[in-house]
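Computed from the coordinates by the stated procedures, all read-outs in this text should not be read as laboratory data. Note that the structure is predicted; figures quoted are calculated from it, not measured. As a convention, Cβ positions derive from the backbone with ideal geometry for all residues, glycine included, and neighbour counts pool all protein chains shown.
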Amino acid sequence: MIKTLSLLFVATGLLRAAAPNVVMVITDDQGYGDLGYTGNPVVKTPNIDKLAKESTGLSDYHVGPTCSPTRCSLLTGHWTNRTGVWHTIMGRSMLRENEVTLGQMFKDNGYQTGMFGKWHLGDNYPYRPEDRGFTEVFRHGGGGVGQTPDVWNNAYFDGSYFHNGEIVPAKGFCTDVFFARANSFIRQCAEEKKPFFAYISTNAPHGPLHCPQEYLDMYSDQKDGIAAFYGMITNVDDNVAKTRELLKSLGIEKNTIFIFTTDNGTAYGAKVFNAGMKGKKGSPYDGGHRVPFFIHWPAGGLDQEREVDTLTHMVDIVPTLLEMTDSKKPEKVKFDGLSIVKLLDPKSKDFAWPARYVISDSQRVRDPIKWRGSSVMSEKYRLINGKELYDIDADPGQKKNIAKDHPEVVKDMRDFYDAWWAELKPTFSQTTEIYLGHPDHPKVTLTAHDWIQKVYPPWHQGSVRSNKWQKPPKEGKLKHVGHWAVKVVEDGKYRISLRRWPAESGAAINAALPAGKAVPGASRAFREEQGKAIGATAATLRIDGKDLETKAVEGDVEEVSFETELKAGSYKLAPYFTIDAGELGAYYTVVTRLE
């Protein structure tokens, strides 16, 4: 029925005038059990609960156990490890340039495309949302407000954000700001009678745990952490209501596909309610990657409460939305997922749904490790880390390992994983490289968030401020072991400027910075950390393991710059400061191609 309805709008091969709009809301670190609708006795989500009762819901829907891996699959229809995104930091959260996003696909089909909030798939060309098909972008940097690639000193209130590449200030709580920007985009598209895709991706309720006081007060009987976590969720809930009301007031609600989902299992709510599941964010068990998914589309017959309990996966969403909107996919793109339109359509009956396996894994390492944090899933079974087998129907809490009782099932699932791994493994060495010297992005700011190294880099501004993320060795001096993988686009002269603090801070390399202002919530804001002076005496330009030039750090300079000729090609860029303890990588480095 959905496909039939869609075909009614086709005219001479062009985008139909009544093409359905798409609004996708995805929250961060909110699990399946963090909704009133799924049984949580504490959290207040009346508006999302109402949406669920007016939607088709996927009750066995799975994503990645952490944020960037889910986002890349959700936007490409490909396995996370295929796209180069298997971590949230260390250069492994940048979506490979050969991938085509849903934003680009919709744009190519005549849609206006907007992205609001959390991107976390790359902060430099060619990985930014504006490089990947989104024409209106309003976002924070990195994986969360206050992380290293974000605007300096950002917290959850009254921050500054990237609007189509330019830093602009905004008043209010971050979630409210992102929804308000999205709603402005929706209103403009409706007034211009243009179909749109609005991707609203919140950083909430990811930590640090901050929210407006009025939402904290709603949970005054809970521990501080839960009060802030659930407060952020209730704030999202209120914003979902505002967006749905806007769609109704604009007269476009009936022909708008409205989706609510989340990116991984709960980060903080498992002790309160976890819907009977084992595990939370990061876990290979269902609690780490089974999340809510509700889809509402009155014009397509999806406006009644209905549950689809068939196994579904994040790689299914792109092909599904393309079919629902009768949009063409790029010719050379082959999806890893399946369109689930027939599962969603309440009038589809007696169709054969293929038995299949799907995989969720959590690598969170520089280079993927076979079987690490993995769940091979079928309708009936879960194979965890290649060793533990659970009958998910009989044992949804995954308490009884039955691998010894069903060796044939284990073998089949292991064989599937082996073939999957063998197919993807050759792509792991295709490092995502940040472009230098591209005409569309001639000045590039690199941050420590994307250092490629075995140990975690300073991925948030609190760590940059404290300078405590690494300990000096018992013997010898610190060695800067990380690097940025970069690709010089054109031969030429480049200025490489080493900074301890970002350019917008205006701070000298050897300055100490005061702690920033606190904000409401259960956590310290990253900016509340004192900014420690490093006592740098020299700066060195290191490329491909060779120290090319060293200069003294003198007086109150904010940066030390080097000019060098670079040929087009790939490099490992690893500039550093010399401090008493040894080498300290330049947390921020600005690279400019000189005319």
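Annotations for the structure displayed:
- Converting the Cα gyration tensor eigenvalues of the chain into ellipsoid dimensions via √(5λ) gives semi-axes, longest first, of 39, 27, 25 Å.
- Relative intensity, log₁₀ I(q)/I(0), of segment 358-427 from a Debye sum that treats every alpha carbon as a point, q = 0.20, 0.22, 0.23 Å⁻¹: -0.79, -0.92, -0.99
- Peptides ranked, highest mean first, by Cβ atoms within 10 Å: ranges 56-68, 272-284: 56-68, 272-284
- Mean Cβ neighbour count within 10 Å, used as a protection proxy, ranking 545-552, 297-304 highest first: 297-304, 545-552
- Cα gyration tensor, segment 138-262 - rounded (a/c under 1.5), prolate or oblate: oblate
- Listed pairs K53/K334; K479/K532; K349/K380 exceeding 26 Å between Cα atoms: K53/K334
- Mean Cβ neighbour count within 10 Å, used as a protection proxy, ranking 18-28, 534-544 highest first: 18-28, 534-544
- Centre separation in Å (Cα based) which lies between segment 445-492 and segment 245-280: 35 Å
- Between A581 and D158, the FRET efficiency from the beta-carbon distance, with R0 = 35 Å, is close to 0.45.
- Links that overshoot a 28 Å alpha carbon limit, given the list K493/K551; K329/K411; K44/K278; K281/K443; K425/K546: K329/K411; K281/K443; K425/K546
- The Kirkwood radius of segment 229-356, taken over pairs of alpha-carbon atoms, gives through the Stokes-Einstein law at 4 °C and 1.567 mPa s a diffusion coefficient of 76 µm² s⁻¹.
- Cα-Cα P(r), segment 434-593, percent of pairs per 5 Å interval: 2, 9, 17, 22, 20, 14, 9, 5, 2, 0, 0
- Each listed q (0.10, 0.23 Å⁻¹) maps to a log10 I(q)/I(0) for segment 490-585, found by the Debye formula over equal Cα scatterers with no solvent: -0.35, -1.16.
- For segment 210-253, alpha-carbon Rg relative to the globular expectation (2.2 N^0.38 Å, N residues): 1.45
- Proportion of all alpha-carbon pairs of segment 51-113 beyond 17 Å (%): 51 percent
- Label-to-label distance, V557 versus K349, with points set 7 angstrom from Cα along the beta-carbon direction: 7.8 nm.
- At 0.890 mPa s and 25 °C, Stokes D of segment 356-501 from Kirkwood alpha-carbon radius, µm² per second: 126 µm²/s
- Beta bridges per DSSP with both ends in segment 434-593, % antiparallel, nearest 5: 90 percent
- Computed [θ] at 222 nm, deg cm²/dmol, the chain (DSSP H ≥ 4; -39,500 (n - 2.57); rounded to nearest 500): -6000 deg cm²/dmol
- Counting only DSSP beta bridges whose two residues both lie in the chain, roughly 70 percent are antiparallel.
- Relative contact order, whole percent, for the chain stands at 18, derived from Cα pairs under 8 Å and 6 or more residues apart.
- Under 5 Å, built H, 5+ apart or other chain: amide partners of F293: L58
- When you filter the trypsin sites (Lys or Arg not before Pro) in segment 447-493 for DSSP loop state and at most 14 other Cβ atoms inside 10 Å of their Cβ, you are left with K454, K468, K474, K477, K479.
- Restricted to Cα atoms, segment 330-390 shows a radius of gyration and a Dmax of 15.8, 46 angstrom.
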